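The structure appears below as structure tokens.
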Amino acid sequence: MSDQNLQIAIAQVEAALADPAQKPVTKGFFDEATYTITYVVHDPATNEAAIIDSVLDYRPNSGRTSFASADAVIDYVISHNLKVTWLLETHAHADHLSAAPYLQEKLGGKLAIGQQITHVQEVFGKLFNAGTDFERDGSQFDHLFEDGHTFNIGNIKAISLHMPGHTPADMVYIIGDAAFLGDTMFMPDYGTARADFPGGDARQLFKSIRRLLELPRETRLFMCHDYKAPGRDVYAWESTVGEQRDNNVHVHDGVSEDDFVAMRTKRDATLDLPELIMPSVQVNIRGGHMPAPESNGVSYIKIPVNAV
């Protein structure tokens, strides 16, 4: 990761804090079934928009999918006359299925993820015995972001930063003065993401978070999930760099790298796998598409027995 890219991100946020025209409008859609927040982020001057971390409704007991969560996003986009130019995934989620193909069909836009998705595809392609027909080169996505890649949402400047640790492929997207964190961090009273998935690394996660927290204290931070920490009555998903540095229960200023790694490793050892990890990963490494139908025209989700 390049410090030069971080400096570009800092300059972008500082400029946005000084210029209201560089501050995007952000709307969050909370899916209580998976505790996931999907974001529609747009430039009010041009109405160009990005959709970040969408949700496909999935019932694990029946294997049936539906589109109520995605349709709520579509209704918002249409009612506000927005033009979707990007469908952004912060990483290949293990707790919900992406609705990106459905949204792309209805609204357009380029589907993008971090370039390290190829590593995730390789690992899980082997686990699920996906075969040679499953491409492990990221070609299921329209664009693979590198660390420091700059782009625009309308007139608003944006930059992608590679923030590995939770998974090898995690990206943070900074649009104007707003950063969309994926699973890198949660609300200050809930802490940080697990780092025990294949390719995850608690030490790397700490370094990524500390890098992120070099952004200006006023930077708006938007979480991908909220699990409503004990003692809090409502779901919440927006904080600031300053709030995280002062109050994050796992990684506030003054927490050492070794102490964080010890805490995270001990905590992760107590966690069960997410309920939807098997369908989610198989679908999300394919850019939100189901595995190819078999000879009877039906797609199947595999569950490896005694393999994880």
Tell me which residues, restricted to the range 164-209, are of a type in the set (S, T, N, Q) and at pLDDT below 95.
Thr167, Thr184
Do you know which residues across the range 255-308 are among the acidic types (Asp, Glu) and over 23 Å from Ile209 (Cβ atoms)?
Asp272, Glu275, Glu294
Where His149 falls short, out of the listed (1) under 26 Å from Gly242 (Cα atoms); (2) touching a Lys or Arg at 6+ places or on another chain (Cβ under 7 Å); (3) without any contact (Cβ under 8 Å) to a residue 40 or more places away in the chain:
(2)
Would you mind telling me which numbered condition in (1) out of contact with any helix residue (DSSP H, G or I) (no Cβ under 8 Å at 6 or more places or on another chain); (2) closer than 30 Å to Ile301 by Cβ Tyr58 fails?
(1)
Filtering the range 11-20 down to residues that are surrounded by fewer than 16 Cβ atoms within 10 Å (Cβ to Cβ) and among the hydrophobic types (A, V, I, L, M, F, W, C), which residue is farthest from Tyr173 (Cα to Cα)?
Ala18
Looking at the range 210-221, is at least one residue of a type in the set (Val, Ile, Thr), surrounded by fewer than 19 Cβ atoms within 10 Å (Cβ to Cβ), modelled with pLDDT of 95 or more and farther than 21 Å from Thr167 by Cα?
no
Can you pull out the residues in the range 292-308 that are free of Cβ contacts under 8 Å to residues at least 40 places away in the same chain and either loosely packed, with under 11 Cβ neighbours inside 10 Å or not hydroxyl-bearing (Ser, Thr, Tyr) (or both)?
Pro293, Glu294, Ser295, Asn296, Gly297, Val298, Ile303, Val305, Asn306
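Listed here are the residues, each with its yes/no results for (1) farther than 18 Å from Cys224 by Cα; (2) without any contact (Cβ under 8 Å) to a residue 12 or more places away in the chain.
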site	(1), (2)
Tyr76	yes, no
Thr90	no, no
Glu105	yes, yes
Ser139	yes, yes
Leu144	yes, no
Leu161	no, no
Output for Cβ contacts, cut-off 9 Å, separation at least six or different chains, first residue without any contact (Cβ under 8 Å) to a residue 12 or more places away in the chain in the range 198-209, second among the small types (Gly, Ala, Ser) and part of a helix (DSSP H, G or I), reads none
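A quick yes/no check of all residues on (1) at positive phi; (2) out of contact with any Ser or Thr (no Cβ under 7 Å at 6 or more places or on another chain); (3) not aromatic (Phe, Trp, Tyr):
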residue: Arg203; (1), (2), (3): no, yes, yes
residue: Arg211; (1), (2), (3): no, yes, yes
residue: Glu218; (1), (2), (3): no, no, yes
residue: Asp226; (1), (2), (3): no, yes, yes
residue: Gly231; (1), (2), (3): yes, yes, yes
residue: Leu271; (1), (2), (3): no, yes, yes
Conditions (1) closer than 22 Å to Gly138 by Cβ; (2) touching a strand residue (DSSP E or B) at 6+ places or on another chain (Cβ under 7 Å): number failed by Gly165
(2)
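The values are calculated or read from the model by the stated rules, or taken from the named source; none is laboratory data. Since the structure is predicted, the reported quantities are computational estimates derived from the model, not experimental observations. Cβ sites come from the backbone with ideal geometry, for glycine too, and all protein chains shown count toward neighbours.
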